[in-house]
């Protein structure tokens, strides 16, 4: 993905949209001027392809959401575009609403797992999927040139307000492999942490539709004042872990602010592991449907293990949801996603969907009739180490990666996204950041010590190259 960013600013313009911190000066931060500019560029791009267009807009609950969404909607109307305003809505709900409305695109107002000061415009195409690199580049060019022409008073667009959550949930329930009867019989007691965003509306509604009646909600006020860092990682989920144990819950569920990432807490209060959300859902899907699986190069090897155990084929993609989706389509995958808790179910739509993930995960647990801690123990256990190498500005990152590749040429290497090296079951993945002069280094092994030693060895190699 090509991203153009000044390292000293907090406004990031990319092919998938624009994100930044609220306030400050235009072009430096995400200000009203920038919001109108990029909404105008997106709307103009749409009108160059369609004489008339309808755009779906939805947002998470972060503090700036109403302001940002209102500016976007009124800008689109000012261009002569009609808008379907979903208000508070999950990212996957917006994605599904675009084709359901026969709309030409969509804008999701969310900064995903970023802290409360951030917000973003995530741009969708006519299929309700993230834009291709070519489309995104065209919109960036329009924005930079300021090639906007607004509608006259008689040709202004119209705004219609709708709620698509019920539609989204119903489509999930209609999937053959969602076993509502088994979930009801399991009589789950569940604790949920929706981190003060739209998950507080969507997750309880999904659980109710699945027949889960005993639900404890923490951080459920929909105000965007996140009770903790909103990224669903173990270090942020102490409160949920405590509640699961003290209230004797079967499991805990946590989502990020826009409900496209999903993680679980086991009955004993231990983290299930966000990398294993996709692994478990894939195991369930593959038991009912033959086909390929896909995750990105930085995701756990456990998905490949589960896939091959089922007699199917695993494929790796470059990092980024749009790349995962492209690879899934290429290989007609039945399930895919990312190790950050992102589950993509193509029978529903090509986007990460925590609500669909919950339905499939609970179906699996209910059919297995196992405690979550016991179920987790049935999967291969890998440990991951994440590190980074900070480079001097004059360093040629591509040259560094090329020299690392040459150094380890005798090992299996994948270069579709940086350099990934396989070491007799262990792996290390190096990829350059698009926003900083750094190389991200991920390694995985059955031993955390081994994984950490792998990243340290690569860091040493890079240090030697810099000297």
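The values are calculated or read from the model by the stated rules, or taken from the named source; none is laboratory data. All of these numbers come straight from a predicted model, not from anything done at the bench. So basically every Cβ, Gly included, is an ideal-geometry build from the backbone, and we count neighbours across all protein chains shown.
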Matching residues, the range 326-344, being in contact with a strand residue (DSSP E or B) (Cβ under 9 Å, 6 or more places away or on another chain) and farther than 17 Å from residue 258 by Cβ: 326, 327, 328, 330, 331, 333, 334, 335, 336, 339
Qualifying residue in the range 76-84 (condition: under 21 Å from residue 14 (Cα atoms) and either in contact with a strand residue (DSSP E or B) (Cβ under 7 Å, 6 or more places away or on another chain) or modelled with pLDDT of 95 or more (or both)): yes
Enumerated strands (runs of 3 or more DSSP E) restricted to the range 238-319, each holding at least 3 residues that are within 17 Å of the chain's Cα centre (by Cα): 251-255, 262-265, 293-296
Total residues in the range 119-128, condition crowded, with 21+ Cβ neighbours inside 10 Å and either more than 22 Å from the chain's Cα centre (by Cα) or on the phi < 0 side of the Ramachandran plot (or both): 6
Meets criteria (modelled with pLDDT under 95 and out of contact with any strand residue (DSSP E or B) (no Cβ under 6 Å at 6 or more places or on another chain)) for residue 273: yes
Selection status of residue 205, within 22 Å of residue 60 (Cα to Cα) and either part of a helix (DSSP H, G or I) or modelled with pLDDT of 95 or more (or both): yes
Residues satisfying the stated conditions in the range 93-128, i.e. farther than 21 Å from residue 27 by Cα and either assigned by TED's automatic domain parsing to the domain that holds residue 195 or in a strand (DSSP E or B) (or both): 105, 106, 124
Test: residue in the range 371-388 that is surrounded by fewer than 16 Cβ atoms within 10 Å (Cβ to Cβ), closer than 19 Å to residue 300 by Cα and without any contact (Cβ under 8 Å) to a residue 12 or more places away in the chain: yes
Residue 399 being part of a loop (DSSP other than H, G, I, E, B) and over 20 Å from residue 178 (Cα atoms): no
The range 424-440, residues that are touching a strand residue (DSSP E or B) at 6+ places or on another chain (Cβ under 9 Å), surrounded by fewer than 22 Cβ atoms within 10 Å (Cβ to Cβ) and either at pLDDT 95 or above or part of a loop (DSSP other than H, G, I, E, B) (or both): 425, 426, 433, 434, 435, 436, 437
Qualifying position, being buried (at least 18 other Cβ atoms within 10 Å of the Cβ), assigned to a helix (DSSP H, G or I), in contact with a helix residue (DSSP H, G or I) (Cβ under 7 Å, 6 or more places away or on another chain) and at pLDDT 95 or above, among 357, 336: 357
Criterion: buried (at least 20 other Cβ atoms within 10 Å of the Cβ), touching a helix residue (DSSP H, G or I) at 6+ places or on another chain (Cβ under 9 Å), outside the structural domain of residue 66 (by TED's automatic domain parsing) and over 21 Å from residue 178 (Cα atoms) - qualifying residue of 198, 222, 255: 198
Checklist (1) within 30 Å of residue 327 (Cβ to Cβ); (2) surrounded by fewer than 19 Cβ atoms within 10 Å (Cβ to Cβ) applied to residue 67, failing item: (1)
Residue 51 part of a loop (DSSP other than H, G, I, E, B) and farther than 22 Å from residue 200 by Cα: yes
Unmet criterion (only one of (1) within 19 Å of residue 274 (Cβ to Cβ); (2) surrounded by fewer than 24 Cβ atoms within 10 Å (Cβ to Cβ); (3) within 17 Å of the chain's Cα centre (by Cα)) for residue 352: (2)
Filtered residues of the range 201-219 (kept if under 25 Å from residue 185 (Cβ atoms) and either touching a residue at least 60 places away in the same chain (Cβ under 8 Å) or surrounded by 22 or more Cβ atoms within 10 Å (Cβ to Cβ) (or both)): 202, 203, 206, 207, 210, 212
Subset of the range 145-192 (residues that are in contact with a helix residue (DSSP H, G or I) (Cβ under 6 Å, 6 or more places away or on another chain) and in a loop (DSSP other than H, G, I, E, B)): 148, 150, 156, 157, 164, 177, 178, 179
